[in-house]
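Take a look at the structure set out below.
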Amino acid sequence: MPENKGDSESVEEKFYREYLRLVEEKGEEAVEETLATMRKIYGDVPLVARVLSEEKHYFLSSIIKNRGILHREDGPLDKKTMELVVISAAAALRCDHCLDVHIKQAQKAGATREEILQTILAACAIMENAGRATAFRKYRQIFNGRDQENDEGGEPGQ
């Protein structure tokens, strides 16, 4: 007896098919609602979201992923701590707009000026040491004839 599609389809395939169906049925509405919510929360829609929203599949999958990572209400990090983590990453990556948005969000979540400053300084200290370690390895490789991979203290920042 031939198997019907439902029997041979994996759980992942069923999930993806259901996701596609929902995006096709409610995608435009979901995109517009999400953009409106972003405007309400942030005062504007970030550039990345504006560009991704031009294609509902990219936008919605990105929103779902980021929501699950950055905005989990049942997650192990509270909102203030998560915003401080994001500020640290944004500082390290030099993302001006991200810093603007997430410093304000951290303040709303109860972070003090001192907590935000220490977060930025910690990110900068790691950035500084990572830059030094990379440059010092190259310096030693060139001037001491050492193979970069065999240099002691092979981890960035050491």
Dimensionless Rg ratio for the stretch 9-71, taking C-alpha atoms and the 2.2 N^0.38 Å reference
1.20
Peptides ranked, highest mean first, by Cβ atoms within 10 Å: ranges 72-80, 54-62:
54-62, 72-80
For the pair S10 and A92, what calculated FRET efficiency results from E = 1/(1 + (r/R0)^6), where r is the Cβ-Cβ distance and R0 = 35 Å, to the nearest 0.05?
0.35
Based on the Cβ-Cβ distance of A135 and N66, what FRET efficiency does E = 1/(1 + (r/R0)^6) give at R0 = 30 Å, to the nearest 0.05?
0.35
For T81 paired with R113, estimate the spin-label separation in nm (one decimal), with each label point 7 Å from Cα along the Cα-to-Cβ line.
2.6
Can you work out the base-10 log of I(q)/I(0) for the chain at q = 0.13 1/Å, using the Debye formula on its C-alpha atoms alone?
-0.82
What is the spread of the Cα atoms of the stretch 22-108 along each of their three principal axes, largest first, in whole Å?
37, 28, 22
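Where a number appears in this text, it was derived from the coordinates with a stated rule and is not lab data. Note that the structure is a prediction, hence the values are computed from the model and not measured. Heads up, the Cβs are rebuilt from the backbone with ideal geometry, glycines too, and the neighbour counts pull from every protein chain shown.
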